[in-house]
Amino acid sequence: MRPHRTHFLGLIGAIFALALIPVNAQANHCSNASAAGNWAYTYTGTIFTPNGALPLASVGHYSQDTAGNVTGSQNRSVAGNSRFEDISGTVTVNTDCTATGTIDVLVNGQLQRTAVLAIVYDSNGNHARMIFQSLTLPSNVNVPVVITLDANRSTTKD
């Protein structure tokens, strides 16, 4: 019976040693540099106004450089009214593949609104999921929204 106990204690020791090894080395591979590139996206959601909820959707593309600077454009529809818009801003990527983005939306060079996004990169950094944390007008009015965004790394150049 002694050999079984020795094997059991050896197994427990091996399990304990494995527990000390980092579980996922890939979890710490994201950075502004790894997220740099060309991206295409869609978003959908709802804007809540004093007159009621309005559905919205958008398709767009952006380029992100290694410093986290973002530039691009989108075609957005709110309650069926479509508009072409430019976007610019910054993204700060954390090593755990979460990020925060602050994006300005402009029409003819005029600031329309600023969105703050919570971001998670997955699929080896080739896909991003986002949710709007806030949407603020130039007058500092916060607009209540529920908007989610889905982005994929693109092979086309902006």
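Hey, any hits in the stretch 53-61 for a residue that's within 15 Å of THR148 (Cβ to Cβ) and either loosely packed, with under 14 Cβ neighbours inside 10 Å or acidic (Asp, Glu) (or both)? The answer is yes, given that some residue of the stretch 53-61 is within 15 Å of THR148 (Cβ to Cβ) and either loosely packed, with under 14 Cβ neighbours inside 10 Å or acidic (Asp, Glu) (or both). Restricting attention to the stretch 62-82, the residues that are of a type outside the set (D, E, K, R) and surrounded by 13 or more Cβ atoms within 10 Å (Cβ to Cβ) add up to 12. Of all residues in the stretch 127-158, those satisfying the criterion of being outside any strand (DSSP E or B) and modelled with pLDDT of 95 or more are LEU137, PRO138, SER139, ASN140, VAL141, VAL143, PRO144.
I'd like to verify a number: residues in the stretch 83-106 that are within 22 Å of LEU137 (Cβ to Cβ) and surrounded by 13 or more Cβ atoms within 10 Å (Cβ to Cβ), how many? Number satisfying all stated conditions: 15. Determine if the stretch 25-32 includes at least one residue that is small (Gly, Ala, Ser) and closer than 21 Å to GLN133 by Cβ. No: the stretch 25-32 contains no residue that is small (Gly, Ala, Ser) and closer than 21 Å to GLN133 by Cβ.
The values are calculated or read from the model by the stated rules, or taken from the named source; none is laboratory data. From a predicted model like this one, the values you see are computed outputs, not experimental measurements. Here Cβ is always computed from backbone atoms with ideal geometry, including for glycine, and neighbour counts include all displayed protein chains.
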